[in-house]
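Just below is one structure, and these are the notes that go with it.
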Amino acid sequence: MTASAPTRRIAVIGGSVIGLACAWTIARVGLADEVVIHEPDDSGPDGVPTSGAAWVAGGMLAPFSEAWPGEEDVFALGVASLRLWNTFLADLAPHTPPGREIRSATHTHMLAVDDADARDLEMAMSWAEGNDVVVVEGVKGSDLRRVTRRELRAAEPSLARVARAAYRMDSEGAVDNRVLLAALARACRAEGVTWVRGEVGSLDDDDIAGADRIVLAAGAGSAALAGLPIRPVKGEVLRLRARPGCEDAPRGVVRAFVRGRPLYLVPRDGGLVVGATQYEHGDDRQVTVAGVRDLLADAETIFPGIGEYELAEMIAGLRPMTPDNLPILGADPDDPRVVFATGHGRNGIALTPITAATVLAELQNRPIPDAARAAGAGRFRRG
Ligand SMILES: Cc1cc2nc3c(=O)[nH]c(=O)nc-3n(C[C@H](O)[C@H](O)[C@H](O)COP(=O)(O)OP(=O)(O)OC[C@H]3O[C@@H](n4cnc5c(N)ncnc54)[C@H](O)[C@@H]3O)c2cc1C
């Protein structure tokens, strides 16, 4: 493809968070005569899919609280995306459904409740602090800081006094994933994006083969379409709704290790989201008794007030995981018509802005963002 070749039609396969964000970003700059999303599921508000992981997700923007030594590239990509969120949200603001907010939390506390978890948390956070300075050009450090028990109590008075160690970040927080999906769908419509309702069986389907470029954003469904090493990793979450007189939910995101299990509480319009379990069960989206039991027990250890909340929803989704936890972004070396935007695992909401920016740069034949270079498809394709 040359930069000057006119692009008539771009087909985006998958119309969940990544597909919608890519379609909107492409359509906004007028890169093609037609941008078409191929997505079978229109069961949610504004016609968004409810079967993708994005409908289920906690919505955390969490490169620091997900940081782990050895995952330098994952961390760098997450930090680069975090820095794009304010502009991304400002651009989406006119499309946000009336009376709703996309951002649902503007800070995060990370806690450990026993000594072993405290040691792991301290190790991961000091690694993240050190790496942030190295990987993000021109930015010195972050707003990550250790907080005392007294500071934690003042910031989040409804939490039990169980933390052995705690850190805070003001630049993480969360978005409401369902409001985000609705806003993206509205933004796509405003830019003239259209939908074909149906599952794509193969990249040789007539509809797809006729497109000049193809963006593959089908989450866990991308493996079958392009032979990529993406596996579904099941996660369960609970949605709790506040009832009159119950204790206020935490003000920001709270992440913790409880009995060695990761747990998060995310404030959400009138309640909170509790997540998440993690199992390698293939294509299984059923919510299990053991999953719900563990989530409730761990959440109650951190936030004893949950007992009074309404258990409004239990839901499971499939994270599209790759072997190295990095997504697969950029042109397919085996078929340059195809641009991958998939394999986002646990972080697809957080990585939405950098993914859309990378796909756009690739389609425009411009250099992709530095932090996205390690996520190229070349690591799984010979070319
Ligand atoms: C329990 C849980 C909690 C999570 N929490 C967070 C979080 O806090 N923060 C975060 O950043 N990320 C989180 N994630 C991860 C995040 O949800 C995913 O990484 C993200 O949704 C991936 O987006 P996607 O659009 O690629 O895929 P999905 O949202 O899974 O959507 C894929 C879409 O592709 C469509 N599709 C599939 N096959 C085809 C086909 N053949 N033809 C046409 N369409 C097709 C599907 O219908 C679906 O709509 C969580 C995930 C889970 C399961």
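Coordinate-derived values only; no laboratory data. Quick caveat, the model's predicted, so the values are computed rather than measured. Here Cβ is always computed from backbone atoms with ideal geometry, including for glycine, and neighbour counts include all displayed protein chains.
Order 228-236, 324-332 from most to least packed using the mean count of other Cβ atoms within 10 Å. Each step should come with its number before you reach the end.
Numbers: 228-236: 21.2, 324-332: 22.8.
Per-residue Cβ counts within 10 Å, averaged per peptide and sorted highest first, yield 324-332, 228-236.
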Query raised in the report: Counting only DSSP beta bridges with both residues in the chain, what percent are antiparallel, rounded to the nearest 5?
Result: 65
Report task. Give me PHE75, PHE380 ranked fewest to most by other Cβ atoms within 10 Å of their Cβ, as a rough exposure proxy. Result -> PHE380, PHE75
Requested in this report: Among HIS107, HIS344, HIS281, rank each residue by its count of other Cβ atoms within 10 Å, from fewest to most, as a rough exposure measure.
Outcome: HIS281, HIS107, HIS344
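What is region 284-383 by shape, rounded, prolate or oblate, if you read a ≥ b ≥ c off the alpha carbon gyration tensor as root eigenvalues and call it rounded for a/c under 1.5, prolate for a/b larger than b/c, and oblate otherwise? Display every interim value, and only then the final one.
Numbers: a/c = 3.43, a/b = 2.62, b/c = 1.31.
Prolate, since a/c reaches 1.5 and a/b exceeds b/c.
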**Report entry** Ranking of CYS246, CYS188 by count of other Cβ atoms within 10 Å, fewest first
**Finding:** CYS246, CYS188
Query raised in the report: Over the Cα atoms of the chain, what is the Rg over Rh ratio if Rh follows Kirkwood?
Result: 0.97
Query - Radius of gyration, Dmax [region 34-101; alpha carbons; angstrom] - result: 15.5, 43
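Where does the chain land at 222 nm, in deg cm²/dmol rounded to the nearest 500, when only DSSP H runs of n ≥ 4 count, each adding -39500 (n - 2.57), divided by all residues? Show your work: numbers first, answer last.
Numbers: 11 runs with 112 residues, N = 383.
After summing the helix terms and dividing by the residues of the chain, the value is -8500 deg cm²/dmol.
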